[in-house]
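Peer 1: A single structure is presented below for examination.
Nothing in this text is a laboratory measurement; each read-out follows from the coordinates by a stated rule. Because the structure is predicted, anything quoted here is derived from the model rather than measured. Cβ: placed from backbone, ideal geometry, glycine included. Neighbour counts: every protein chain shown.
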Amino acid sequence: MTDLNQLLRKNIKNLIPYSSARNEYQGEASVFLDANENPFNEPFNRYPDPLQVQLKKVIARIKNVKPEMIFLGNGSDEAIDLIVRAFCEPGTDNIVAVDPTYGMYKVCADINNVEYRKVLLTPSFEPDVDALMQKTDHHTKIIFLCSPNNPTSNSFSAERIINILKAFDGIVVLDEAYIDFSSGKGFLPSLHEYHNLVILQTFSKAWGMAGIRLGMAFADPGIIAVLSKIKYPYNINILTLKTALESLKDTSGKEKWVSSIIQQRDVLEKELKSVPFVLHVFPSDANFLLIKVNRPRELYQFLVSKRIIIRDRSSVSLCEGCLRITIGTAAENRKLTEALKTYQETKL
Ligand SMILES: *Cc1c(COP(=O)(O)O)cnc(C)c1O
């Protein structure tokens, strides 16, 4: 990996971060007259911990990583944006990413006026390592990978990911938003081997907390220190901190949800494969299924008329005719398959 100080934008490397009252004083006290807070209306009157020490300790234990290797953001989306802003000089640097994939990487690149270079996945939805490397140049700071990938639903081969980590000198972001639904263990256990690796995970999917906006980035402490330096001081609010800490006390609920979703994924996959107009159901390592049909827009509109909303992905690269279906409860999935049967009948 290129030296972190050389990879960073110069202004970010030299930045002196905002120092909040809560940064200056850390410890136990009983009278807080330092932050111009209102003394009334506990507990909402107090600013949250800018470093989220308590929550990071709990996550560190669950994920088996050191707290200094964790960044917490307002969803993974905050981490994505901060990584782009930390490393990519607008108008000069560029990002290389697989295509198709999650849309936020390109949006963040566009917002920051950073060139975004797409490299098509292979026909089996794997990253093409040589083609990715060929797209990079001296100004490529980041490669974005997503495994299991959205919307293709497959995990990338670990060997290919490792080859990219070894071949590229810049930052490799590996988005593992769906890792809990996957049969693989992901790259957290390998984090120590790759100093250029940033792993993204989230509370939005397996943990069932998309509404509290909490995402995680795991990386070398040097990279985490940079993200912490440039984030909004109080990026995680006290309601989110409190809810997350409460939910993490007992992880058995989350594990039950995940196994139910995986089981329902198998049920729905079989059901969909028996539907005559479904041409293909792609193997999924995530909490959604990608299917291929002849007239995706028509089927999408039909389901909307039945008040069932899925995602039309048919205009996405390599996804011609494809629709993306999130796995719901058994009852919700049944409503979907019953609606598909009536659609079939209207076609006869
Ligand atoms: C859903 C999803 C996320 C989650 O983003 P949050 O901002 O944490 O809600 C991240 N990456 C991918 C690929 C996703 O599909």
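Peer 1: Using each residue's phi in segment 52-59, evaluate 6.51 cos²θ - 1.76 cosθ + 1.60 at θ = phi - 60° and report the 3J(HN,Hα) Karplus result to the nearest Hz, with x for Gly and Pro.
Peer 2: 6, 4, 5, 5, 4, 4, 5, 5
Peer 1: A further question on this structure: Could you give the dipole magnitude of segment 173-249 about its Cα centre, charging the beta-carbon of Lys and Arg +1 and that of Asp and Glu -1, in debye to the nearest 20? Walk me through the intermediate numbers first.
Peer 2: Working: 7 positive and 6 negative charges, 64 e Å.
Roughly 300 debye, rounded to the nearest 20.
Peer 1: Okay, moving on. Given the convex hull over the Cα atoms of the chain, what projected area results after averaging over all orientations, in nm²?
Peer 2: Values: hull surface 77.9 nm².
Taking the Cα atoms of the chain, their convex hull projects to 19.5 nm² on average.
Peer 1: Further question: At a 4.7 angstrom Cβ threshold, list every cysteine in the chain that has nobody to pair with, or say none.
Peer 2: Among the cysteines of the chain, those whose Cβ sits 4.7 Å or more from every other are Cys88, Cys108, Cys146.
Peer 1: What dipole magnitude, in Debye to the nearest 20, does segment 253-346 give about its Cα centre under +1 on Lys/Arg Cβ and -1 on Asp/Glu Cβ?
Peer 2: Once rounded to the nearest 20, the dipole reads 180 debye.
Peer 1: What is segment 89-163 by shape, rounded, prolate or oblate, if you read a ≥ b ≥ c off the alpha carbon gyration tensor as root eigenvalues and call it rounded for a/c under 1.5, prolate for a/b larger than b/c, and oblate otherwise?
Peer 2: Values: a/c = 2.43, a/b = 1.50, b/c = 1.62.
Oblate shape, in that a/c is at least 1.5 and b/c is the bigger or equal ratio.
Peer 1: Out of residues 5 or more away from Ser314 or on other chains, whose amide H comes under 5 Å of its own, with H placed 1.01 Å from N in the peptide plane?
Peer 2: Cys322
Peer 1: Out of segment 275-348, which trypsin sites (Lys or Arg not before Pro) are coil in DSSP terms and have no more than 11 other C-beta atoms within 10 Å?
Peer 2: Values: sites: Lys292, Arg297, Lys306, Arg307, Arg311, Arg313, Arg324, Arg334, Lys335, Lys341, Lys347; in loops: Lys306, Arg307, Arg313.
Sites meeting the loop and neighbour criteria: Arg307.
Peer 1: So if each residue of separation counts as 0.36 nm, and I subtract the Cα-Cα distance between Val53 and Lys242, what length gain in nm does that give?
Peer 2: Details: separation 189, 0.36 × 189 = 68.04 nm, distance 1.25 nm.
Full-extension gain reported as 66.8 nm.
Peer 1: Let me ask something else. From the convex hull of the Cα coordinates of segment 1-76, what is the mean projected area in square nanometres? Display every interim value, and only then the final one.
Peer 2: Values: hull surface 31.5 nm².
Mean projected area for segment 1-76: 7.9 nm², to one decimal.
Peer 1: Still on this model: Give me the percent relative contact order of segment 1-80, please, defined on Cα pairs under 8 angstrom at least 6 residues apart. Spell out each step's value before the answer.
Peer 2: Details: 27 pairs, mean separation 12.6, N = 80.
It comes to 16 percent, rounded to a whole number.
Peer 1: What is the Cα centroid distance between segment 196-259 and segment 24-82, reported in whole angstrom?
Peer 2: Taking the Cα centre of segment 24-82 as reference, the centre of segment 196-259 is 12 Å away.
Peer 1: Further question on the same structure: Using θ = phi - 60° and the Karplus form 6.51 cos²θ - 1.76 cosθ + 1.60, what ³J(HN,Hα) does each residue of segment 65-74 get, whole Hz, x for Gly and Pro?
Peer 2: With the stated coefficients, segment 65-74 comes to 10, 6, x, 6, 9, 10, 10, 10, x, 6 Hz.
Peer 1: Return the sequence-ordered ³J(HN,Hα) values of segment 173-181 in whole Hz as given by the Karplus equation 6.51 cos²θ - 1.76 cosθ + 1.60 applied to θ = phi - 60°, using x for Gly and Pro.
Peer 2: For segment 173-181, the Karplus curve yields 9, 10, 8, 10, 4, 10, 4, 5, 8 Hz.
Peer 1: Among Thr202, Thr140, Thr92, determine the one that fluctuates most according to a GNM of the chain built with springs between C-alpha atoms less than 10 Å apart.
Peer 2: Judging by the Gaussian network model, the answer is Thr92.
Peer 1: I'd like the antiparallel share, as a percent to the nearest 5, of DSSP beta bridges with both residues in segment 4-247. Please report the intermediate quantities before stating the final value.
Peer 2: Working: 8 of 27 bridges.
Of the beta bridges lying entirely in segment 4-247, close to 30 percent run antiparallel.
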